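Quick notes on the structure that follows.
The values are calculated or read from the model by the stated rules, or taken from the named source; none is laboratory data. This is a predicted model, so every value here is computed, not measured. Cβ atoms come from the backbone with ideal geometry, glycine included; neighbour counts cover every protein chain shown. Keep in mind that these areas ignore ligands, DNA and RNA; they rest on the heavy atoms of the full protein, side chains included. Shrake-Rupley method; radii C 1.70, N 1.55, O 1.52, S 1.80 Å.
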Amino acid sequence: MYPIQVIAEVPERTAQAAELAAGLQPLTADAPFALVWGEQHLELRKLDEPKLGPVFVDFVEGAVAHRRKFGGGRGQSIAKAVGLKAGANPTVVDATAGLGRDAFVLASLGCQVTMLERHPVVAALLADGLHRAQQDSEIGSWMRERMFLRPGSALENLRQLGFTPDVVYLDPMFPHRQKSALVKKEMRVFQSLVGADLDADALLPAALAVAGKRVVVKRPDYAGYLNEMKPGMSIETKSNRFDVYVISR
Ligand SMILES: C[S@@+](CC[C@H](N)C(=O)[O-])C[C@H]1O[C@@H](n2cnc3c(N)ncnc32)[C@H](O)[C@@H]1O
C-alpha cells in the first residue's frame, strides 16, 4: 500500500489525477504524502512537514539544467565512470533512476539512457518531468531521442531489455549518515517516501549479466562495496565514489 493521496489542484488535471490514483491503488485518505497535479506539473508533498517544500522533476530549468549549462561537461567524474570519450557515446541503462538527475547528465552529454524505476510515485514524477522536457523548444528534440523510461523493477526489466546496453548504472538508496537537518529538504521528502533499498545487492549480479562493457555503481564515500564486490577501479568525488566493474567475456 502506498501511503499517498492524489489531488488535482486545477480542474483540467482531474482526469489525469484519477488515472494516476487508479494505478496507485490502494490509497489511504489520511496519507502523509500527496501527489498533486497543478497547472504546470506533478509534485510530491509531505503533508505533515510542509516546510520541506514540494519535489518535482524539472529538466528544463532546475538544478540539473544549470549543471548541463555550467557543469563540467565530459570531464565530470560520472562521464569518466561510464566511459564517455570523444567519439564514444555509450548506451546506458540507469537501473535505479530516481528523479533522473544522473540519467539527465549522461543524456545531455550524448548517451542514450533508458531509465528503470520501480517506485510508482517516483516513476510518475519522472514521467511528468520527461514529458515536459520533451516538449521544450531548447532540449526537446534530443530528449525525445535520448531519454526513455520503463517503470517497474530493474531485476525484471534488465532480463527483458531486448538490447545489450554498453553500461548499466546503479545508484541505490543508501541510509544517510548526515544529521537529517543537513540533508537537503528535497532529499528528505524523497528518502522518507522511498526508504532504503535494502535489496540493492541483488542488482549488481543482474547488471553484470546484461552490461556489454561496464557496470558503474554510485556510492556515498563512507559506504562499502555493493554486494561486497570489489570493483576494478573507483573514481572518487567530494562525497561520492563511482565503482567501475569492467566486463570481460
Ligand atoms: C538514490 S535514488 C537514485 C537517484 C538518481 N541516481 C538520480 O540521480 O536522481 C534510488 C532509486 O532507485 C530505485 N530503485 C531501487 N531499487 C530498484 C530496483 N530494483 N528496480 C528499480 N528501481 C529501483 C528507488 O525506488 C529510488 O527511486
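Annotations for the structure displayed:
- Some residue of region 1-15 being touching a residue at least 60 places away in the same chain (Cβ under 8 Å) and within 23 Å of GLN191 (Cβ to Cβ): yes
- Count of region 230-248 residues, restricted to those that are in contact with a helix residue (DSSP H, G or I) (Cβ under 6 Å, 6 or more places away or on another chain) and open to solvent by 30 Å² or more (accessible area, probe 1.4 Å), is 2.
- Region 4-21: number of residues that are open to solvent by 50 Å² or more (accessible area, probe 1.4 Å) and of a type in the set (A, V, I, L, M, F, W, C): 3
- Taking region 136-249 and the helices (runs of 4 or more DSSP H) fully enclosed by it, the elements with 1 or more residues that are touching a Phe, Trp or Tyr at 6+ places or on another chain (Cβ under 9 Å) are at 140-146, 185-194, 203-210.
- Filtered by the rule that a residue be open to solvent by 20 Å² or more (accessible area, probe 1.4 Å) and away from the ligand (no atom under 11 Å from the Cβ), region 203-219 gives PRO205, LEU208, ALA209, VAL210, GLY212, LYS213, ARG214.
- Filter result (in contact (Cβ under 8 Å) with a residue 40 or more places away in the chain and open to solvent by 30 Å² or more (accessible area, probe 1.4 Å)) within region 22-39: GLY23
- Of all residues in region 85-112, those that are at pLDDT 95 or above, closer than 19 Å to TYR245 by Cβ and away from the ligand (no atom under 15 Å from the Cβ) total 2.
- Qualifying positions in region 157-190 - at pLDDT below 95, more than 8 Å from the ligand (Cβ to nearest atom), crowded, with 16+ Cβ neighbours inside 10 Å and not aliphatic (A, V, I, L, M): GLU186, ARG188
- Filter result for the condition that a residue is more than 17 Å from VAL194 (Cβ to Cβ), out of contact with any Cys (no Cβ under 7 Å at 6 or more places or on another chain) and not charged (D, E, K, R), over ALA8, ALA34: ALA8
- Here ASP48 fulfils each of the conditions (1) touching a Pro at 6+ places or on another chain (Cβ under 7 Å); (2) more than 22 Å from ALA123 (Cβ to Cβ); (3) surrounded by 12 or more Cβ atoms within 10 Å (Cβ to Cβ) apart from (3).
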